[in-house]
């Protein structure tokens with residue numbers, strides 16, 4: 001009887017784990033930085049969509065100079081890097097043991113930061129911005145008016161780096177995420193941020209492209 005009970009619990013847990021999420025977060029972000037020319041590809045807006053830690057999607061603007069119009073689909077443990085310009089894609093499989101798609105806000109800066117500093121800042125991810133600051137004990141304070149919106153600010157320091165989040169509206173949603181270290185600074189502006197019904201098609205294997213397995 002006990003064995004049958006345990007088996008029922010395991011099956012029920014498995015079924016619950018396989019249920020798709022009900023909502024997803026969609027955001028449009030754009031990087032502003034002294035190190036990034038305003039007319040460069042890196043400064044173009046990107047559309048990001050995530051549902052929990054299994055489903056992530058990043059859509060880029062066309063990059064004619066390099067013949068790329070890319071987007072990435074992550075449906076853990078699978079991921080596809082797609083180039084619409086060439087109608088091609090690379091398929092990768094997460095080796096595990098954990099299967100979590102991650103979208104760190106300031107990932108481009110990690111290589112130049114001390115290891116522990118990068119690790120701490122790496123916890124700030126697109127789609128979980130406010131949760132990160134609140135989990136670290138950041139307290140809300142007046143953020144002033146940015147882009148005609150009255151904002152609330154949250155700030156944290158890690159080593160020589162400071163990260164800040166500026167939110168607005170009810171419920172709160174990000175308007176800007178900023179990183180500063182000495183004279184260097186980056187800021188991501190959010191031109192859209194909201195919850196939508198989950199759409200599994202956005203995270204499915206891409207159609208109408210030639211898919212190759214990534215070399216390990």
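Coordinate-derived values only; no laboratory data. Model, not experiment: these values are computed from the prediction. We place every Cβ from the backbone using ideal geometry, glycine too, and count neighbours over all the protein chains shown.
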| remark: If 155, 22 are placed from fewest to most neighbouring beta carbons inside 10 Å, the sequence is 22, 155
| field | Convex hull (Cα only) mean projected area of region 115-181, reported in nm² to one decimal | value | 4.5 nm²
| said: Looking only at the chain, where both bridge partners belong to it, what percent of the DSSP beta bridges are antiparallel (to the nearest 5)? | reply: 95 percent
| query | Between residue 200 and residue 36, what is the label-to-label distance in nm when each label sits 7 Å out along the Cα-to-Cβ direction? | reply | 3.4 nm
| note | Per the rule of 0.36 nm per residue minus the C-alpha distance, extending residue 157 to residue 99 adds in nm 18.0 nm
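For region 59-216, what number results from the quotient of the Cα radius of gyration and 2.2 N^0.38 Å?
Working: Rg = 18.1 Å, N = 158, 2.2 N^0.38 = 15.1 Å.
The value comes to 1.20.
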| Extension gain residue 214-residue 110, at 0.36 nm per residue separation less the Cα-Cα distance, in nm? | 35.0 nm
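Suppose a student asked you for the relative contact order of the chain, using Cα pairs under 8 Å spaced at least 6 residues apart; what percent would you report?
Result for the chain is 22 percent.
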| said: Please report the spacing between the Cα centers of region 65-116 and region 122-174 in Å, no decimals. | reply: 25 Å
| task | Report the label-to-label distance for residue 85 and residue 19 in nanometres (one decimal), using points 7 Å from each Cα along the Cα→Cβ vector. | result | 4.4 nm
